[in-house]
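The values are calculated or read from the model by the stated rules, or taken from the named source; none is laboratory data. All values derive from a computational prediction rather than experimental measurement. Note that each Cβ is placed from the backbone with ideal geometry, even for glycine, and that neighbours are counted across all protein chains shown. The area values use the complete protein model at the heavy-atom level, side chains included, leaving out ligands, DNA and RNA. Shrake-Rupley method; radii C 1.70, N 1.55, O 1.52, S 1.80 Å.
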Amino acid sequence: MSFLSPQRLTMLVFFLQPIAFGSWLPRIPEIQAGLGLGPAALALALLGMPCGTLLTLPFAGPLVAKIGARSAIIWGFIFYSIAASLPVLAPHPILLFIALMLAGSAISFVELGLNVQADLVEKSSGKMIMNTSHGCWSLGIMAGSLIGSGFAAIGVIPQIAVPLLAALVLPVAIAVGYALPVLHDAPAEGQTQKSAWSLPSPALVGICLFVFGITMTEGAMADWSAIFLRDALSAEGGLVGLGYSLFAFMVAAGRFGGDTLKRTFGAVNTARICGTLAVLGGVLLYFAPGVELALVGFGIVGVGVSVGFPLAVTAAAGIGDRAASANVAVLSFVALTGFLIGPPLIGFVAEHSGIRFGIACVVPFLLVSLFLTGRLTPRPVKTNHNPEAEVPGVL
């Protein structure tokens with residue numbers, strides 16, 4: 001792996017991480033049928049993953065700070081590969097909940113290591129990769145979903161397909177993990193870092209509030225886009241699911257272009273450009289008279305929210321008052337909370353005022369995020385440039 005630069009290695013491990021989980025997604029209906037679960041029972045079981053993530057993140061930050069991002073990726077991948085295989089093996093709904101809880105816990109740990117490693121590689125090399133790395137993650141989960149669908153098409157049962165794919169990806173991921181450079185989070189010159197268990201700073205609180213509206217919108221689009229197209233615009237057949245597909249595609253596209261925008265306009269202006277697009281897309285969805293304009297709206301919202309979380313990760317890691325892993329863990333906790341709160345909030349509003357007004361509820365939160373883009377102002381952080389840690393001319 002020495003022929004790959006640290007930047008390329010980081011992007012590769014971001015791509016590899018969600019493949020096994022992505023292969024689980026198209027098999028959920030089979031697991032539901034096998035366990036005889038109704039929609040409500042399945043929804044309760046699926047809550048296991050966010051529960052595991054939320055319970056783990058407060059402890060993951062200090063642990064990653066202690067062992068380092070590279071070690072967190074290597075060990076996290078081992079536990080994650082095992083945990084990602086458990087849901088398809090669960091013989092009972094309660095065990096499915098527990099299995100998903102373990103998977104959510106492992107995912108949160110390894111993803112925290114990934115985000116911290118990307119930030120450290122950016123600092124050591126001076127090259128922006130955070131948005132592109134998250135774009136690679138989006139490609140990884142899409143690849144996993146396609147592979148899972150392929151296994152289903154040829155009749156490989158999920159109890160074999162998901163563990164098999166996890167086992168195939170694991171040795172590659174471990175090899176890439178060991179090839180990553182060992183980098184350490186250093187405080188800014190003259191600055192002493194606080195304990196990882198100390199209270200978040202006002203700067204971090206502002207960044208968390210910024211990202212809340214972004215991830216709330218992502219959760220809303222994931223759960224309600226199809227229902228919006230069906231109920232508000234009478235879409236049928238394949239058109240019903242096209243809204244989220246277009247949204248997800250534009251999120252990935254926006255992330256791949258995010259680092260170029262950041263280099264050109266800076267983090268704050270990039271966030272303002274994309275945040276404005278997200279608001280305009282949300283407004284367009286509310287007023288859309290037909291499916292065509294609604295699909296345009298979903299695409300615009302996708303571009304608008306695409307760079308929000310990656311920019312917030314870099315900003316939180318660069319505060320320098322605590323270990324980067326501690327601040328990113330808090331940010332991830334708030335981001336997931338927003339992702340989980342969005343769907344039920346829209347459902348409650350839609351129940352009383354209709355789905356069109358419900359989907360428009362994301363706009364006020366996006367306006368708050370747009371107002372807080374100034375919190376992403378880069379902070380001076382001491383760099384530890386290692387000329388041997390990158391290959392000139394690569395990336």
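Please indicate, with yes or no, whether at least one residue in the stretch 303-314 is over 17 Å from residue 115 (Cβ atoms) and hydroxyl-bearing (Ser, Thr, Tyr). Taking every residue of the stretch 303-314 in turn, none turns out to be over 17 Å from residue 115 (Cβ atoms) and hydroxyl-bearing (Ser, Thr, Tyr). The set of residues from the stretch 147-174 being open to solvent by 70 Å² or more (accessible area, probe 1.4 Å) and not hydrophobic (A, V, I, L, M, F, W, C) comprises 159, 171. Among the residues of the stretch 83-92, those identified as part of a helix (DSSP H, G or I) and either buried (at least 17 other Cβ atoms within 10 Å of the Cβ) or in contact with a Ser or Thr (Cβ under 8 Å, 6 or more places away or on another chain) (or both) are 83, 84, 85, 87, 88. Taking the stretch 228-241 as the range and being more than 21 Å from the chain's Cα centre (by Cα) and assigned to a helix (DSSP H, G or I) as the test, the residues that pass are 228, 229, 230, 231, 232, 233, 239, 240.
Those residues that are farther than 17 Å from residue 311 by Cβ and at pLDDT 95 or above, I need them from the stretch 366-386; list them, please. If the condition is that a residue be farther than 17 Å from residue 311 by Cβ and at pLDDT 95 or above, then 367 is the only one that fits. Put simply, of 49, 142, 101 the only residue that is at pLDDT below 90, assigned to a helix (DSSP H, G or I), more than 24 Å from residue 323 (Cα to Cα) and open to solvent by 60 Å² or more (accessible area, probe 1.4 Å) is 142.
Residue-wise test of (1) in contact with a helix residue (DSSP H, G or I) (Cβ under 7 Å, 6 or more places away or on another chain); (2) acidic (Asp, Glu); (3) at pLDDT below 90.
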residue	(1), (2), (3)
21	yes, no, yes
29	no, no, yes
33	no, no, yes
40	no, no, yes
73	yes, no, no
81	yes, no, no
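Scan the stretch 54-71 for residues that are farther than 20 Å from residue 184 by Cα, modelled with pLDDT of 85 or more and not aliphatic (A, V, I, L, M) and the total you get is 1.
When the stretch 121-139 is filtered for residues that are open to solvent by 10 Å² or more (accessible area, probe 1.4 Å) and of a type outside the set (S, T, N, Q), the ones remaining, listed by number, are 122, 123, 126, 127, 128, 134, 136, 137, 139.
Yes/no matrix, rows are residues, columns are (1) buried (at least 22 other Cβ atoms within 10 Å of the Cβ); (2) in a helix (DSSP H, G or I); (3) at pLDDT 90 or above:
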residue	(1), (2), (3)
226	no, yes, no
245	no, yes, no
260	no, yes, yes
269	no, yes, yes
272	no, yes, yes
309	yes, yes, yes
312	yes, yes, yes
322	yes, no, no
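When you look at residue 78, is it within 21 Å of the chain's Cα centre (by Cα), surrounded by fewer than 24 Cβ atoms within 10 Å (Cβ to Cβ) and not small (Gly, Ala, Ser), yes or no? For residue 78, the condition - within 21 Å of the chain's Cα centre (by Cα), surrounded by fewer than 24 Cβ atoms within 10 Å (Cβ to Cβ) and not small (Gly, Ala, Ser) - is met. Within the stretch 348-365, is even one residue open to solvent by less than 70 Å² (accessible area, probe 1.4 Å), modelled with pLDDT under 90, within 20 Å of residue 123 (Cα to Cα) and part of a helix (DSSP H, G or I)? No - not one qualifying residue is present in the stretch 348-365.
For residue 37, the conditions (1) aliphatic (A, V, I, L, M); (2) open to solvent by 60 Å² or more (accessible area, probe 1.4 Å); (3) touching a Pro at 6+ places or on another chain (Cβ under 9 Å) are fulfilled apart from (2). Please work out if residue 110 is closer than 22 Å to residue 337 by Cβ and either open to solvent by 40 Å² or more (accessible area, probe 1.4 Å) or of a type outside the set (Ser, Thr, Tyr) (or both). Spelling it out, residue 110 is indeed closer than 22 Å to residue 337 by Cβ and either open to solvent by 40 Å² or more (accessible area, probe 1.4 Å) or of a type outside the set (Ser, Thr, Tyr) (or both). From the list 263, 322, 356, which residue is among the basic types (Lys, Arg) and touching a Ser or Thr at 6+ places or on another chain (Cβ under 8 Å)? Exactly one residue qualifies, and that residue is 322.
Has the stretch 60-71 got at least one residue that is of a type in the set (A, V, I, L, M, F, W, C) and not in a helix (DSSP H, G or I)?
No: zero hits.
Taking the stretch 81-105 as the range and being among the hydroxyl-bearing types (Ser, Thr, Tyr) and under 13 Å from residue 165 (Cβ atoms) as the test, the residues that pass are 81, 85.
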